[in-house]
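Engineer: Submitted below is the structure of interest, expressed as structure tokens.
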Amino acid sequence: GAADFVARGLVAAAGIGSDVPPHVALAVVYVVCLLMAETLQHNAAAAIMFPVAVATAGLVDADPRGFVMAVASASCCAFASPVAYQPPLIVYGPGGYRFTAFVRSGWPLDLLVATCAIALIPVIWPF
């Protein structure tokens, strides 16, 4: 029931309903999962967002496979934070990097991958 509750909250906060194309819901799920992956470990973001994505797909009457792939892609493509994955965290201190260096180079890459994923996921896994 918790995943359904959170999915309904995401749908309500985004202002979408069952009459709106599922592309908007897919984009919301992707962005929320990406933000979670930037702050948490990517495995945790995927584990938390998987049931929410499936519930969201059910709310907009879409096939959940595309939503699950959005979670998989968003949780693995968090480039703007060194805490999301171990290799950037390992080189963060010894390499003399600053957190802003990851943000400056990571957000454009996050945006590029998100745009490609949100555009291509419905083509490969139709709603």
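The values are calculated or read from the model by the stated rules, or taken from the named source; none is laboratory data. The structure presented is a predicted model; accordingly, all values stated were derived computationally and were not measured. Cβ coordinates were reconstructed from backbone atoms using ideal geometry, including for glycine residues, and neighbour counts include every protein chain displayed. To get the accessible areas, we keep the full protein, side chains included, count just its heavy atoms, and leave off ligands, DNA and RNA. Shrake-Rupley method; radii C 1.70, N 1.55, O 1.52, S 1.80 Å.
Engineer: List the helices (runs of 4 or more DSSP H) inside region 27-127, counting only whole elements, that have at least 3 residues being touching a helix residue (DSSP H, G or I) at 6+ places or on another chain (Cβ under 7 Å) and open to solvent by less than 50 Å² (accessible area, probe 1.4 Å).
Structural biologist: In region 27-127, 42-59, 64-76, 99-124 are the helices (runs of 4 or more DSSP H) which contain 3 or more residues that are touching a helix residue (DSSP H, G or I) at 6+ places or on another chain (Cβ under 7 Å) and open to solvent by less than 50 Å² (accessible area, probe 1.4 Å).
Engineer: Let me ask something else. Here is a list: ILE118, ILE124. Which entry is β-branched (Val, Ile, Thr), closer than 24 Å to ASP4 by Cβ and modelled with pLDDT of 90 or more?
Structural biologist: ILE118
Engineer: How many of the residues making up region 84-121 are in contact (Cβ under 8 Å) with a residue 12 or more places away in the chain and more than 30 Å from HIS23 (Cβ to Cβ)?
Structural biologist: 3
Engineer: If you don't mind, there's one more thing I want to ask. If you go through region 93-101 one residue at a time, do you hit one that is closer than 20 Å to GLY9 by Cβ and out of contact with any strand residue (DSSP E or B) (no Cβ under 7 Å at 6 or more places or on another chain)?
Structural biologist: no
Engineer: Only one of ALA74, ALA55 is touching a Cys at 6+ places or on another chain (Cβ under 6 Å) and closer than 25 Å to GLY1 by Cβ; which? So that I can check it myself, show each step before the final result.
Structural biologist: On the way: ALA55 fails: touching a Cys at 6+ places or on another chain (Cβ under 6 Å).
Answer to the check: ALA74.
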